[in-house]
Each structure stands twice: as C-alpha cells, then as structure tokens.
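Please treat every number below as a calculation from the coordinates, not as lab data. Computed from a prediction, not measured in an experiment: that's the story for all the values here. Because the Cβ atoms are built from the backbone with ideal geometry, glycine has one as well, and the counts that use them run over all protein chains shown.
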Amino acid sequence: MAHARRVRAAATSWRVRGGELRLEPAPLLMAVLNCTPDSFSDGGLWSGDRAVEHAQGCVRAGAMIIDVGGESTRPGAERIDAPEQIRRTQGVIRALAAWLHAEGRREVAISIDTTRAAVARAALDAGASIINDVSACTEDAELAPLAATAGAGLVLMHRVLDPTQDRWSHEHRTSLVGGDIVDAVAAGLAIRVASVVASGVPMEAIAIDPGLGFGKTVKENLSLIAGTARFVSMGHPVLVGASRKSFIGAITGEPDPSRRVAGSVALHLQAAADGAHLLRVHDVAEHAQALAAWRALRERR
C-alpha cells in the first residue's frame, strides 16, 4: 500500500546560515568540489589552490552553491576520519568564502559534504552555510543539533547502503527496498525530517535528496528521477544529483564517468521539469547552457 501523501506548499526559498537562498528561478546549480584522492569521477583533481580556482570557475559558470567534500562516498570507499576531512576542506572553504566576499557574491553559498559534526563545525567556522549529509544525520548524533544551533541549511539524503557496503547501481540485480521505491524513499525521508526537527532544526532549513545510487538499482534510480514531483510535494527544497553516476553508464554504455555529461544533463532537465530546486553537478557550464535553453523554451511568448 502506498504511503499517505502529505502535500505542503512548494518551497521558494531555503533558510541557510546568514539568510535565505532564493530558489527561483529553479533549479539552482550546486557544483561538486571533491577534495579527495579517490572520488569515482574526479578523484585527485582538486585540492588546495587548484580546488579554489576550480570553484571560482564554477561560480563564474553559474553555480549558486559549491559543495565541498573531503571524503568519497563512491561504493567501496574507505572512511576518512574527521581531522583528515578538515585538513582537506577547511582551508579551501575559508579561501573560497574570502573570494566570494571580495567579489560581492553574497548570493553564492558554500556547503560541506560530510556526515561528521566535527567536520561540519570546522566548515561553518570557515564560511560554509549548508551541511549536506548523505546519512541524513544517522551517523553522528551531534550533527542535527549543530545545524540547529548554527542556523545552517541541512540536506538530508536517503540511502539504503553506506559506501562501505554499497556496489555500483548496475551490480544491484534485485531491489533492496521492496515495494514502490518512490513511496519508500519519501517515507524514509519524512522520518528523517521529523527526527532533525525534533533536534531543533527548522523545517525551512531542511532540503531533501532521494539519493540516487546508494543501494538502488538502475531501474530504481530512473524511477526516483521520474518521481521528482512526489518529493517536491513534501514541501522542502529537492536536490537531485545524477551527475556522471554509474546508472547513467549502465543505460548509455559509457564506462568513463567524465564522458557521461550528456546523459547527466538529460536526466537533470527531466528533474527540473518536474520541479527539482537544486541540481548537484560536476559540469556546471554544460548544465547552465542547457538550463538557459530549457528556460527560454518554457518562457516563449
């Protein structure tokens, strides 16, 4: 039986540390900045000054959020302790925040991609205003209270398996969820939302992410994108992150993640058409161009 659907007003802004992030015209682009040696697509490319320069290029290309991470979440990735994550990310965030201030780009936000409260605290101290937690605050009991106290925006992502247990989507031959994947993910996210609200996080500070990959089959990932409107109906900003993922390789036959840009854009445009507010992408310029053409078509007179 499908879960009962509670429909709230569509989100038009997102409360983050320091103010509100306007979500119109949606979707906004969140640029991936992996300060890691082992991420599935761009591991080893960005660290220190090179990471800051890449982030600056992403902002110039149209990114409104830079999502900085110091731990890979690809299937089979090794866990990285908090001090090392901080070493990889805090200086980059501090330098990027200083540049944004100097450039007068106050509308651009920085997020920290982590499941650890200590890492998030260091990032917020350095200038981040959003916490992006792929565990939806299940790994560290201190993370939700930190977000509440700091007034940070908080992304809650659904996952079936953590990276140490996960495999690539095409290697999941059968569902680990059972039943309707869209309803199952929506119900799981609703539980996590209620939990962090109980910790003091305002509803207006929460965004949700259906978590493409992370224990889902290729078919389930496609169903989640097709079900974007269901997540939008929950009333929170919805983040969709299909960029370069393995299920795109499975349906297109492209083994090289860096050559999955067209497939990523196609799926993200569908999510945008169904109301997604945020797209987490590696290839900002390509997505910005596609969205400009898509908006022009929708706004034609």
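In whole Hz and in residue order, list the ³J(HN,Hα) couplings for region 127-142 that follow from phi through the Karplus curve 6.51 cos²θ - 1.76 cosθ + 1.60, θ = phi - 60°; x for Gly and Pro.
Per-residue couplings from phi come out as x, 6, 10, 9, 10, 10, 10, 5, 9, 6, 6, 9, 8, 10, 5, 8 Hz.
Neighbouring Cβ atoms within 10 Å as the yardstick, rank His172, His287 fewest first.
Details: His172 22, His287 25.
Ordered by Cβ neighbours within 10 Å, fewest first: His172, His287.
Pop the C-beta distance of Ala296 and Arg105 into the FRET formula with R0 = 30 Å and round what comes out to the nearest 0.05.
That pair, Ala296 with Arg105, gives E of 0.75.
Step through the residues of region 275-291 one at a time and calculate ³J(HN,Hα) from phi using the Karplus curve (6.51 cos²θ - 1.76 cosθ + 1.60, θ = phi - 60°), rounding each to whole Hz and writing x for Gly and Pro.
3J(HN,Hα) across region 275-291, in whole Hz: x, 4, 9, 9, 10, 8, 9, 8, 10, 5, 4, 5, 5, 4, 5, 4, 5.
Just want to confirm a number: the relative contact order over the chain, from Cα pairs under 8 angstrom separated by 6+ residues, in percent.
21
Give, as ranges by residue number, the residues of region 105-134 whose backbone N falls under 12 Å from the point 7 Å along Cα→Cβ of Glu171.
The answer is none.
Per-residue ellipticity at 222 nm for the chain, helices alone: DSSP H runs ≥ 4 residues times -39500 (n - 2.57), over residue total, nearest 500 deg cm²/dmol?
Working: 10 runs with 120 residues, N = 301.
For the chain, the value works out to -12500 deg cm²/dmol.
Going by how many other Cβ atoms sit within 10 Å of their own, how do Asp49, Asp209, Asp162 line up, fewest first?
On the way: Asp49 11, Asp209 26, Asp162 18.
Arranged by neighbour count, lowest to highest, Asp49, Asp209, Asp162 become Asp49, Asp162, Asp209.
With only alpha-carbon atoms counted, please give the Rg and Dmax of region 171-301, in Å.
15.6, 47
Give me the dipole magnitude in Debye, nearest 20, for the chain about the Cα centre, with unit charges on the beta carbon: positive for Lys and Arg, negative for Asp and Glu.
My answer is approximately 760 debye.
Non-local amide H neighbours of Ser13 (under 5 Å, H modeled in plane, Pro and chain starts lacking H): which ones?
Residues meeting the amide H criterion: Leu23.
Sort all Cα-Cα distances of region 13-298 into consecutive 5 angstrom bins from zero, then give the percent of pairs in each bin up to the one containing the longest distance.
Taking every Cα pair in region 13-298, the percentages come to 1, 6, 13, 18, 21, 19, 14, 6, 1, 0, 0.
Quick one: Karplus J couplings for region 18-29, per residue in order, coefficients 6.51, -1.76, 1.60, θ = phi - 60°, nearest Hz, x for Gly and Pro?
For region 18-29, the Karplus-derived couplings read x, x, 10, 9, 6, 9, 10, x, 7, x, 8, 9 Hz, x marking Gly and Pro.
When each pair of different Cα atoms in region 79-215 is counted once in the 1/r mean, what is the Kirkwood radius in angstroms, to one decimal?
On the way: mean 1/r = 0.0628 Å⁻¹.
Roughly 15.9 Å, rounded to one decimal.
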